[in-house]
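> Here it is: the structure, laid out below.
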């Protein structure tokens, strides 16, 4: 029997989304290693990401951080190998997690915000890469 879908209205709902999503990410063959090799305190990271998404989806401030810089540093640490395909997989997992677990107007907002983030982080990463010398 299918579990009823939730709406995204509380921090608990956002936490469920974040935790369900990152469980998929950690198991993913294409992008999981970036996360599994980099994050040493998953509980802290999940709480921080819940703060981030709570701000984006519910308008409740609390997140402190610089996500573009963190992604640029990660790309540097992995030899400038992060590609749009990696963000595409991240986005696919996010959308699948939303569609499997949630319904309501915040679902579309969460998808739109994630699409914007994927594009923004990809652009920032590519802008920050060393330029080839002529």
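> Mind listing whichever residues of the range 36-90 are over 20 Å from residue 119 (Cα atoms), assigned to a loop (DSSP other than H, G, I, E, B) and in contact with a helix residue (DSSP H, G or I) (Cβ under 6 Å, 6 or more places away or on another chain)?
Across the range 36-90, the qualifying residues are 39, 60, 61, 62, 63.
> Same structure, new question: Could you check residue 2 against (1) within 13 Å of the chain's Cα centre (by Cα); (2) modelled with pLDDT under 95 and say which number it fails?
(1)
> Scan the range 79-89 and tell me whether some residue there is without any contact (Cβ under 8 Å) to a residue 40 or more places away in the chain, under 13 Å from residue 121 (Cβ atoms) and buried (at least 17 other Cβ atoms within 10 Å of the Cβ).
Checked against the condition, which is being without any contact (Cβ under 8 Å) to a residue 40 or more places away in the chain, under 13 Å from residue 121 (Cβ atoms) and buried (at least 17 other Cβ atoms within 10 Å of the Cβ), the range 79-89 yields at least one hit.
> Taking residue 61 and the conditions (1) within 18 Å of residue 123 (Cβ to Cβ); (2) modelled with pLDDT under 95; (3) more than 11 Å from the chain's Cα centre (by Cα), which numbered condition does it fall short on, given that it satisfies the others?
(1)
> Determine the pairs where a residue that is over 13 Å from residue 22 (Cα atoms), located within the range 35-64, has a partner that is modelled with pLDDT under 95 and in a helix (DSSP H, G or I) with Cβ atoms under 9 Å apart, the partner being 6 or more residues away or on another chain.
Taking only residues 6 or more apart or on different chains, the pairs are 52/67.
> Still on this structure, I have one more. Within the range 1-34, track down each residue that is part of a loop (DSSP other than H, G, I, E, B) and more than 14 Å from residue 93 (Cα to Cα). Reasoning before the result, please.
Taking the range 1-34 first, the residues part of a loop (DSSP other than H, G, I, E, B) are 1-5, 7-10, 28-31.
1, 2, 3, 4, 5, 7, 8, 9, 10 - these are the residues of the range 1-34 that are part of a loop (DSSP other than H, G, I, E, B) and more than 14 Å from residue 93 (Cα to Cα).
> Let me spell it out: the conditions are (1) over 23 Å from residue 33 (Cβ atoms); (2) crowded, with 20+ Cβ neighbours inside 10 Å; (3) within 12 Å of the chain's Cα centre (by Cα), and residue 49 meets all of them except one. Which number is the exception?
With (1) over 23 Å from residue 33 (Cβ atoms); (2) crowded, with 20+ Cβ neighbours inside 10 Å; (3) within 12 Å of the chain's Cα centre (by Cα) applied to residue 49, the lone miss is (1).
> Same structure, new question: Answer yes if at least one residue in the range 93-103 is outside any helix (DSSP H, G or I) and either touching a residue at least 60 places away in the same chain (Cβ under 8 Å) or in contact with a strand residue (DSSP E or B) (Cβ under 8 Å, 6 or more places away or on another chain) (or both), and no otherwise.
yes
> Those residues that are touching a residue at least 12 places away in the same chain (Cβ under 8 Å) and in a helix (DSSP H, G or I), I need them from the range 120-134; list them, please.
120, 121, 122, 124, 125, 128
> When the residues of the range 104-117 are filtered to those that are surrounded by fewer than 18 Cβ atoms within 10 Å (Cβ to Cβ) and in a helix (DSSP H, G or I), which remaining residue is modelled with the lowest pLDDT?
That would be 105.
The values are calculated or read from the model by the stated rules, or taken from the named source; none is laboratory data. Everything numeric here is computed off the predicted structure, so don't read it as measured data. Virtual Cβ from ideal backbone geometry, glycine too; neighbours counted across all protein chains shown.
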